[in-house]
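Have a look at the structure below, then the notes.
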Amino acid sequence: MAKTGTTTQGLRAAIERSGYYPALVAEAVEAAVGGEAVASYVVHQETTFDANEVRRHVTVLVLTPNRFIVSHTDEQAADTSSPTPYATTSTESVKLDRISSVVVSRVVANPESYTPGTLPREVVLTIGWGAVSRIDLEPAACGDANCDADHGYTGNTTADDLSLRVSEAGDGPDTVRQTLAFAQALSEATAATAAPTR
């Protein structure tokens with residue numbers, strides 16, 4: 001379930017409501033935010049199934065006036081490196097002027113009868129800042145169907161540092177709405193940093 005809003009107190013409350021190691025997650029996020037104001041945030045907890053294990057993780061996205069902060073916390077079962085279960089939490093702080101793309105993909109039902117303002121069934125928020133890029137390659141071809149020459153490869157690169165998927169069925173309509181609001185706030189903030197100053 002995702003929660004979004006503004007203020008540091010609201011962020012802490014959303015982390016606590018998620019119920020996912022709130023003391024650990026809050027400490028990591030608050031340390032990354034420091035003394036900056038919180039302009040917007042999303043707290044998204046997800047449960048995944050990995051072979052015979054159920055695993056949970058939480059992602060916290062925070063927008064401040066100067067930075068985009070992403071925190072991710074994962075739990076791990078006991079293994080050869082640790083005799084007890086453990087959690088790993090990480091935070092990354094990105095200056096707003098480094099954000100190169102904010103992609104919002106919307107999935108809507110019955111597009112032929114779509115009414116503006118209707119919530120999408122699913123939203124995928126993808127944010128790129130150059131830390132991770134994906135390269136998709138495929139063999140290049142010419143227009144001749146009988147040609148068997150090697151034309152090399154063609155493809156594209158995509159900034160894909162973070163992708164967050166929420167759905168109305170799995171997370172509820174409020175979560176979809178909240179994710180769209182965060183995406184809009186982030187897009188506006190990055191546009192403002194890119195605007196030339198006079």
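The values are calculated or read from the model by the stated rules, or taken from the named source; none is laboratory data. From a predicted model like this one, the values you see are computed outputs, not experimental measurements. Here the Cβ is made from the backbone with ideal geometry for all residues, glycine too, and neighbour counts use every protein chain on show. What goes into the accessible areas is simple: the full protein's heavy atoms, side chains included, and nothing from ligands, DNA or RNA. Shrake-Rupley method; radii C 1.70, N 1.55, O 1.52, S 1.80 Å.
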*With each pseudo-label sitting 7 Å past Cα toward Cβ, what's the Ser105-Asn146 distance in nm, one decimal?*
4.0
*asked:* Order 41-48, 139-146, 19-26 from most to least packed using the mean count of other Cβ atoms within 10 Å.
replied: 41-48, 19-26, 139-146
*Using a 1.4 angstrom probe with every protein chain in place, what is the largest-first accessible-area order of Arg67, Arg177?*
Arg177, Arg67
_Along the Cα→Cβ direction, 7 angstrom out, place labels at Ser82 and Glu36. What is the inter-label distance in nm?_
2.8
*Identify, among Ser167, Val108, Leu119, the residue whose Cα sits farthest towards the positive end of the charge dipole of the stretch 62-191, taking +1 on the Cβ of Lys and Arg and -1 on the Cβ of Asp and Glu, with the dipole about the Cα centre.*
Leu119
*Run the numbers on the stretch 1-102 and let me know its relative contact order in percent, using alpha-carbon pairs under 8 Å that are six or more apart.*
23
*Any idea what the relative contact order of the chain is, in percent, if you count C-alpha pairs under 8 Å spaced at least 6 apart?*
18
